[in-house]
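The values are calculated or read from the model by the stated rules, or taken from the named source; none is laboratory data. Keep in mind it's a predicted model, so treat the numbers as computed, not measured. Every residue, glycine among them, receives a Cβ derived from its backbone with ideal geometry; neighbour counts consider all protein chains shown.
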Amino acid sequence: MIQITLPDGSMREYDQPLSVHEVAASIGPGLANAAVAGRVDGVLVDCEFMIRSSARVNIVTPQEPDGLEILRRSCSLMLAMAVKQLHAHAQLRTSSALGDGFYCEFAVERPLTATDLPLIETRMQSLAATNHSIRHQKDSSLTPADNQSLYRLGDTEYLTTGPHVPTTRVLQAFALDHISGTLQQRIYGTCWSSHQELQQSRLPPQVVVVSMDDRQTTYAHAVTERLRRNGVRALADLRNEKVRHKIRHHSQTVPYLVVVGEKEQAGEFVSVRSRCGEDFGRMGVEAVCDWLGQVDRVVAFASKPAPTDT
């Protein structure tokens, strides 16, 4: 007898091994449809993972951070599949979740441009609607390495970090944003759990968090999340671009830029500047939130119409 303990402390018994998805289905069809992975005794696993002994099990959905990252990771595989179908010469180098989205890096014979992105995005939407499965491969000619595993999407195997969503149908709220490079190109996109969240992410931000390079990606994303939890409409630019290019791009439209480099990460602070280039120095993240609140109150007060004599 296998005893499954759920997050609320309740226990269910099963007379034979079953998958994470089957556990979710036994709880309810809504949970089964929403499941993107499971957590078995604290370890993230795919929905197809077989539970063969008693364990604590949590069904992971896109409403939690781990589930959202899994969505984004799987969206990168769907991007790789779409690009390969449209541009057979493109060779995938790497793919990953990244901040609010995902990216793929390709080696190409003919550089792709921004005009290619709508066609690639449309092909991704078609792949999502077709509902392809994403399966963990145990037997393959490719050798896993660096905590990566083999997954099959369509007729191609990918060496990638798991878990992944069971099928592409759950990948609905995504968009492609940028393409960079020439013969070695990266395509960046964003992905959310719903179209409402996707549209919300498109609203003009108060602050953009800019990373100096890939080594600050995790810290820059954590800073962005802390700003959001404090009510700041924040966006992270984690692209592998020169920081001057990113600052110049956002300074045209965003009031404030938060720059994260090696020193900022080591000291757990950020550097703040305005769109006009005014340097406000280094601050802790909570101090940035307080400072922005004060600035907003001053701006709101200044924008009030002056009282008129009656």
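So here's what we get for this one:
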{"read-out": "Any hit, segment 63-79, residues being within 13 Å of the chain's Cα centre (by Cα), part of a loop (DSSP other than H, G, I, E, B) and surrounded by 17 or more Cβ atoms within 10 Å (Cβ to Cβ)", "value": "no"}
{"read-out": "Hey, R244 assigned by TED's automatic domain parsing to the domain that holds Q294, over 23 Å from I179 (Cα atoms) and part of a helix (DSSP H, G or I) or not", "value": "no"}
{"read-out": "Residues located in segment 247-272, provided they are assigned to a helix (DSSP H, G or I) and of a type in the set (G, A, S)", "value": "A266, G267"}
{"read-out": "Hits in segment 177-210 (condition: hydrophobic (A, V, I, L, M, F, W, C) and touching a helix residue (DSSP H, G or I) at 6+ places or on another chain (Cβ under 9 Å))", "value": "I179, I187, C191, W192, V207, V208, V209, V210"}
{"read-out": "Selection status of Q3, among the polar types (S, T, N, Q), within 30 Å of H178 (Cβ to Cβ) and either touching a helix residue (DSSP H, G or I) at 6+ places or on another chain (Cβ under 8 Å) or surrounded by fewer than 20 Cβ atoms within 10 Å (Cβ to Cβ) (or both)", "value": "no"}
{"read-out": "Every residue from segment 99-134 that is within 20 Å of L150 (Cα to Cα) and in a strand (DSSP E or B)", "value": "F102, Y103, C104, E105, F106, S133, I134"}
{"read-out": "Unique match (being modelled with pLDDT under 90 and either of a type in the set (D, E, K, R) or more than 20 Å from T190 (Cβ to Cβ) (or both)) among R229, R273, R239, R297", "value": "R297"}
{"read-out": "Looking only at segment 178-213, and only at residues there that are at pLDDT below 95 and of a type in the set (D, E, K, R), the one that is surrounded by the most Cβ atoms within 10 Å (Cβ to Cβ)", "value": "D213"}
{"read-out": "Count of segment 200-224 residues which are over 18 Å from P255 (Cβ atoms) and either outside any helix (DSSP H, G or I) or free of Cβ contacts under 8 Å to residues at least 24 places away in the same chain (or both)", "value": "6"}
{"read-out": "Residue within segment 161-176 that is modelled with pLDDT under 95, in contact with a helix residue (DSSP H, G or I) (Cβ under 9 Å, 6 or more places away or on another chain) and closer than 17 Å to S95 by Cα present", "value": "yes"}
